[in-house]
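Shown next, in structure tokens, is the structure this report addresses.
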Amino acid sequence: MTRTEPTGASIIFENVGKSFSGADGTGVTALKDVSLTVDAGAICGIIGRSGAGKSTLLRMVNGLERPTNGTVLVDGRDVGRARGAELRAIRRDVGMIFQHFNLMAQRSVFDNIALPLEIAGIAPARIEPRVNELIERVGLTTHRDRFPAELSGGQKQRVGIARALATKPKVLLSDEATSALDPETTQTVLTLLRDISRDLGLTIVLITHEMAVVRDIASQMAVIDGGHIVESGPTYDVFIQSAHPTTRSFLSGVTGVTLPAFLSGRLSKQRNAGDQQEVLRVTFAGPHATDPMLARLSTDLNVSVNILAGAIEEIGPHPFGNLLISLDADRGAEARAYLERHGLLTEVLGYVR
Amino acid sequence: MSANVISLLIEATLQTCYMVAASTILGTLFGLPLGVFLATSQRGELLSAPLVNKVLGLIVNAARSVPFIILVVAIIPFTRALVGTSIGTNAAIVPLTIAATPFIARLVENSIREVDAGLIEASRAMGATPFQIIRKVLIREALPGIMLGLTLAVVSLIGYSAMVGAVGGEGLGDLGIRYGYQRFMPDVMLAVVAILIVMVQLVQSVGEWIAARVDKRAARNRGH
Ligand SMILES: Nc1ncnc2c1ncn2[C@@H]1O[C@H](COP(=O)(O)OP(=O)(O)OP(=O)(O)O)[C@@H](O)[C@H]1O
Ligand SMILES: [Mg+2]
């Protein structure tokens, strides 16, 4: 079922701000001066802590939320200023899936997926074949006449995805669509999303607070913190070059590369008299990721290296590794220069005795 | 019990059924849209009209706080203007409908308010108009609750319809008072009460059965 007829739309946020006025007159600023471009056909992951403004940002793409300042353009159309029929037309071009699925409990799988088509005023004769096609697309052929209460979480989200695709949208929005699912089901849902993006060429924007989700399917990403976009760009670049502490903390979550507790407790930022060891984070990326660089470092410079923690994984086709090492503090500068010269990134985490 | 009394009982039962059915249908006709409106017109909701919502809410509360027997008497001029008389089954339908409407409206409002807000959000995201959301999502999702509410309303109306017997309506209440009480025929009184009990039981069971049938939330192991 490879069809490419609906192609994705680009999404552009230009200096978008959003504040909510509370009942007591106090305002909450959810987003401040956000500028972000999501390319047509891209899968863009948006990651951030709870309350960072992720949902608010996403809900502006289909006008569930209107910007207080700035402009949101979807396929060149100004969503924030669209009203009535114009806004509803944009919404038919933007599908959305939700953390808690939001399926109609009283409608069967078939009728849930048919709902957006009914709403769009499509003739029943044309709804049936379209819905059957979608049911097949998400692999629920045998569940066509079941009700949501009779489905597992993963199956419910498949219905949600089929429903979101019913009107052949150009954009698919996902607000924590896998957060209520177990890791295995999460993988199958992510695979489905990736296949859909590939086959239909539609743009996907997905919110998550799991870096692993971004790593697994996003081609570009943005990190949002306190209503600001603190980092954005191609996923791989953000992964290897991230500087912002929020990004770094998400990254150490996904790579699982953190200092052992017995060390982190003793680590000092400044080198004190008597400190012997320098602790480094070494990021392997690109062609050097699989080279035995530490072995070479030892032989070329005759420095002995302690490996404290580490992992290698893949972002899309690229290998990406993260190592925490310690070495003789007096040789630190020399060793870092050596590694940087060979295309690795290094960061001094601190010193220990 | 004489054949005469039995035919009176049958006639009165049919009259009660007629009054209850007619006022349920009319009460639903007015109460359903009113309930839907009350459930969707607070500030920021689909049909956001906070002022109208407040006013209608006050009227509904006022109507519901008038004791039924007083309502019947108080609106006699209105009833007379509407159906030309203030006695008989047709006249009784007027106060019964006026009592049923706000009652059904509140029950419908409660059922609709219980629909997950996420569904409204999802439908908005699909590009649905407020009217489509009401018709295709809210009412459909609230249907089991509305069915139980209507069952409750019918049961109350059976009781009310017996009360209008006291003020010139017809039906079982009228029969019970005229024969059972005024002519002191305890067997007629007993029969009237028995029929009312059976009617209420029947309505309750059928209502619950229908509500369960239309509800797809529980896994379907009811067999069909
Ligand atoms: N309708 C609203 N009214 C008032 N404040 C709101 C509203 N929606 C969001 N906010 C506030 O805006 C901020 C951002 O909320 P948002 O829902 O976008 O966060 P989030 O990043 O999606 O968080 P989470 O991961 O918990 O879903 C929060 O401080 C929140 O309290
Ligand atoms: Mg959120």
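The values are calculated or read from the model by the stated rules, or taken from the named source; none is laboratory data. In this text the structure is predicted, and so the values were computed from the model without any measurement. Every residue, glycine among them, receives a Cβ derived from its backbone with ideal geometry; neighbour counts consider all protein chains shown. The accessibility values were calculated without ligands, DNA or RNA, using every heavy atom of the protein model including side chains. Shrake-Rupley method; radii C 1.70, N 1.55, O 1.52, S 1.80 Å.
Right, A:L115: within 11 Å of chain B (Cβ to nearest Cβ) and open to solvent by less than 60 Å² (accessible area, probe 1.4 Å) or not?
Details: within 11 Å of chain B (Cβ to nearest Cβ): yes; open to solvent by less than 60 Å² (accessible area, probe 1.4 Å): yes.
For A:L115, the condition - within 11 Å of chain B (Cβ to nearest Cβ) and open to solvent by less than 60 Å² (accessible area, probe 1.4 Å) - is met.
The helices (runs of 4 or more DSSP H) falling completely within the stretch B:115-183 that include 3 or more residues that are surrounded by 17 or more Cβ atoms within 10 Å (Cβ to Cβ) and more than 8 Å from every other protein chain (Cβ to nearest Cβ) map to B:139-164, B:172-175.
Could you identify the single residue in A:A82, A:A40 that is modelled with pLDDT under 95 and under 26 Å from A:V214 (Cβ atoms)? Let's see the steps before the verdict.
Numbers: A:A82 fails: under 26 Å from A:V214 (Cβ atoms).
Exactly one of A:A82, A:A40 is modelled with pLDDT under 95 and under 26 Å from A:V214 (Cβ atoms), namely A:A40.
Can you confirm whether the stretch A:213-220 contains a residue that is in contact with a strand residue (DSSP E or B) (Cβ under 6 Å, 6 or more places away or on another chain) and within 16 Å of ligand 2 (Cβ to nearest atom)?
Here is the first cut: in the stretch A:213-220, the ones in contact with a strand residue (DSSP E or B) (Cβ under 6 Å, 6 or more places away or on another chain) are A:214-215, A:217-220.
The next check asks that each one be within 16 Å of ligand 2 (Cβ to nearest atom); those that pass are A:214.
Within the stretch A:213-220 (the criterion being in contact with a strand residue (DSSP E or B) (Cβ under 6 Å, 6 or more places away or on another chain) and within 16 Å of ligand 2 (Cβ to nearest atom)), the answer is yes, since at least one residue qualifies.
So which residues in the stretch A:18-62 are within 14 Å of ligand 1 (Cβ to nearest atom) and within 14 Å of chain B (Cβ to nearest Cβ)? Selection gives A:F20, A:S21, A:G22, A:A23, A:S55, A:T56, A:L58, A:R59, A:M60, A:V61. Does A:G233 qualify as being on the phi > 0 side of the Ramachandran plot and either at pLDDT 85 or above or of a type in the set (D, E) (or both)? Yes: the conditions hold for A:G233. In the set (1) in contact (Cβ under 8 Å) with a residue 12 or more places away in the chain; (2) over 24 Å from B:A153 (Cβ atoms); (3) in a helix (DSSP H, G or I), the condition left unmet by B:I59 is number (2). Answer yes or no as to whether A:A177 is open to solvent by less than 10 Å² (accessible area, probe 1.4 Å), within 25 Å of A:R91 (Cβ to Cβ) and assigned to a loop (DSSP other than H, G, I, E, B). Taking the combined requirement at face value, the residue satisfies it. Apart from one condition, A:I204 fits all of (1) outside any loop (DSSP other than H, G, I, E, B); (2) aliphatic (A, V, I, L, M); (3) in contact with an Asp or Glu (Cβ under 9 Å, 6 or more places away or on another chain); the exception is (3).
Of the set (1) buried (at least 21 other Cβ atoms within 10 Å of the Cβ); (2) over 23 Å from the mean Cα position of the chain (by Cα); (3) of a type outside the set (D, E, K, R), all apply to A:G53 but (2). Look at the stretch B:177-194: where a residue is of a type outside the set (K, R) and a partner is not in a helix (DSSP H, G or I), sitting 6+ places away or on another chain with Cβ atoms under 6 Å, you get B:Y179/B:M185; B:D187/B:M1. Within the stretch A:79-111, being among the basic types (K, R), at the interface with chain B (Cβ under 9 Å from one of its Cβ atoms) and either outside any helix (DSSP H, G or I) or open to solvent by 40 Å² or more (accessible area, probe 1.4 Å) (or both) holds for A:R88, A:R92, A:R107. Selection of the stretch A:330-352 for residues being open to solvent by less than 30 Å² (accessible area, probe 1.4 Å) and part of a helix (DSSP H, G or I) yields A:G332, A:A335, A:Y338, A:L339. Against the condition more than 10 Å from ligand 1 (Cβ to nearest atom) and in a helix (DSSP H, G or I), how does A:L73 come out, does it pass? Criteria not met by A:L73.
Summed over the stretch A:131-178, the residues that are within 21 Å of A:T208 (Cα to Cα) and away from chain B (no Cβ under 14 Å) give a count of 4. Looking at this structure, is A:T71 within 18 Å of A:V205 (Cβ to Cβ) and not basic (K, R)? Against the criterion (within 18 Å of A:V205 (Cβ to Cβ) and not basic (K, R)), A:T71 qualifies. Checked against (1) more than 14 Å from chain B (Cβ to nearest Cβ); (2) of a type outside the set (D, E); (3) closer than 23 Å to B:E121 by Cβ, A:R126 passes all but condition (3).
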